[in-house]
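Written out below as structure tokens is the structure these notes cover.
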Amino acid sequence: MTAMKKALITGITGQDGSYLTELLLAKSYRVFGIIRRSSSFNTGRIDHIYQDPHDPDPKLKLVFGDLNDASSLNKIIRTVQPDEIYHLGAQSHVRVSFDVPEYTGEITGLGTVRLLEAIRETGVTTRFYNASSSEMFGSTPPPQNEQTPFHPRSPYAAAKVYAHWMTVNYRDGYGLFACNGILFNHESPRRGETFVTRKITRAAARIKLGLQTKLFLGNLDARRDWGYAGDYVEAMWTMMQQDKADDYVIATGETHSVREFLDEAFGHLSLDWKEYVEIDPRYCRPTEVDALLGDSSKARKAFGWKPKVRFQDLARMMVDSDLELESGLLDRRTRNHEVLER
Ligand code: NAP
Ligand code: GDD
């Protein structure tokens, strides 16, 4: 009988970490996830698949660690001896990276090197996936593919370029099976509430329910290639199963503006966003990435990956989910109110 494969995930509590964990558990992996200590619960996205550690044979285990703490990473890798490492942890918010550039470099850039060094130092034989980003293309005009030069336009993007090239360097220099997935924006109902798509779908739902009257946004002209996170974690896993490690662009090949996303999301609820949206310069960035449009023909040719969920369905899926979530919250609030009144 072959032993179950072991995967270690950094960033397991994030959007992608949660979808990837579901995928790996469905493929009968044992999954180990690194979480950081927080004063409030930070496992909301994986609570539905959490397994009691008192279970005699849990398939999902969470361990404390931090990308800022090399000794914790070394210890975890030595103890777990993973077959595959998916490195998704990062300070991943571009606008915030202008406020905390040093921290972003520390976690998003150097955090990756700490992991790579931990693999080298422990001598554990493992495959390594690094979450590279289309943000690295910055001001280089679309369409973008693996040959397109990087021109980072944020501290986040600069940190990702460093992590990307260090991953290539460990592949070339030490023969590590290391892949960079250059993923374009991908969204879902689990997307963090401060990224533009989720901010919009949540606001549309709340406005429809009478819980909010305004939505403050920054640059509405930016264009992104938005896909669905569930499709993108399949690409991560598939590139890690190839005979040879390589770098791949993962994208839908369609680009839309923030304005078009507003049309789609508010339109789905028969609302006109122009009545509610105001521009607040605090959500603009000192340097912007104007247009992203990915060409993922390399991944398609190598392992047949293509996106299943398209722009309109993605926006609608997110709005429907937020409407359900906010209606539930509304119910609960009404119920609490009734309890208080009694
Ligand atoms: P996300 O939802 O922001 O999740 C980030 C994860 O990193 C969270 O689990 C977070 O933990 C963890 N983390 C942050 N700082 C850490 C630290 N110091 N030590 C350990 N863990 C830490 O991001 P995502 O959207 O899932 O994206 C996953 C990865 O892909 C990120 O590296 C991101 O930069 C990259 N990426 C994302 C996209 C996209 O469109 N989503 C596109 C290209 C690349 P907490 O939950 O405790 O905060
Ligand atoms: N967050 C946010 N909030 N963005 C806004 C707003 C707002 O109020 N108003 C306009 N935007 C614009 C941003 O200026 C940007 O051009 C676009 O909407 C998308 O912003 P985000 O959703 O924050 O995503 P991002 O493209 O900056 O970064 C995401 O995608 C990258 C891949 O290209 C993140 O997930 C990164 O981690 C990821 O690497």
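The values are calculated or read from the model by the stated rules, or taken from the named source; none is laboratory data. What you see is a predicted model; the values in this text were computed from it and never measured. All Cβ positions, even for glycine, are placed from backbone atoms using ideal geometry, and neighbour counts span all protein chains on display. Accessible surface areas use protein heavy atoms only, side chains included; no ligands, DNA or RNA. Shrake-Rupley method; radii C 1.70, N 1.55, O 1.52, S 1.80 Å.
With MET166, MET136 as the choices, which residue is outside any loop (DSSP other than H, G, I, E, B), within 10 Å of ligand 1 (Cβ to nearest atom) and farther than 25 Å from THR43 by Cβ?
Numbers: MET166 fails: within 10 Å of ligand 1 (Cβ to nearest atom).
Selected residue: MET136, the only one of MET166, MET136 that is outside any loop (DSSP other than H, G, I, E, B), within 10 Å of ligand 1 (Cβ to nearest atom) and farther than 25 Å from THR43 by Cβ.
Among the residues of the range 67-88, write down those that are open to solvent by 10 Å² or more (accessible area, probe 1.4 Å), closer than 27 Å to ALA235 by Cβ and within 9 Å of ligand 1 (Cβ to nearest atom).
Correct list: LEU67, LEU88.
Tell me which of these SER38 doesn't satisfy, since it passes every other one: (1) crowded, with 16+ Cβ neighbours inside 10 Å; (2) among the small types (Gly, Ala, Ser); (3) near ligand 1 (Cβ under 8 Å from one of its atoms).
(1)
For the range 86-133, which positions are among the aromatic types (Phe, Trp, Tyr) and without any contact (Cβ under 8 Å) to a residue 24 or more places away in the chain?
Pass one, the range 86-133, residues among the aromatic types (Phe, Trp, Tyr): 86, 98, 103, 128-129.
Residue satisfying the conditions is TYR103 alone.
Can you tell me which residue among SER270, SER257 is on the phi > 0 side of the Ramachandran plot and modelled with pLDDT of 95 or more? Walk me through it before giving the result.
On the way: SER257 fails: on the phi > 0 side of the Ramachandran plot.
Within the list SER270, SER257, the selection yields SER270.
In the range 255-279, how many are free of Cβ contacts under 8 Å to residues at least 60 places away in the same chain, in contact with a Lys or Arg (Cβ under 7 Å, 6 or more places away or on another chain) and not polar (S, T, N, Q)? Break it down stepwise before answering.
Of the residues in the range 255-279, the ones free of Cβ contacts under 8 Å to residues at least 60 places away in the same chain are 256-257, 259-260, 263-264, 267, 270, 272, 274-275.
Pick out the ones that are also in contact with a Lys or Arg (Cβ under 7 Å, 6 or more places away or on another chain) and you get 256-257.
Filter once more, keeping what is not polar (S, T, N, Q): 256.
Residues that pass the stated criteria total 1.
Given the conditions (1) more than 14 Å from ligand 1 (Cβ to nearest atom); (2) in contact with an Asp or Glu (Cβ under 9 Å, 6 or more places away or on another chain); (3) polar (S, T, N, Q), report the number of the one that GLN242 does not fulfil.
(2)
Among strands (runs of 3 or more DSSP E) lying entirely in the range 211-321, which contain 2 or more residues that are loosely packed, with under 15 Cβ neighbours inside 10 Å and under 23 Å from the mean Cα position of the chain (by Cα)? Let's see the steps before the verdict.
On the way: elements: 215-217, 247-250, 277-279.
Once the strands (runs of 3 or more DSSP E) in the range 211-321 are filtered for at least 2 residues that are loosely packed, with under 15 Cβ neighbours inside 10 Å and under 23 Å from the mean Cα position of the chain (by Cα), nothing remains.
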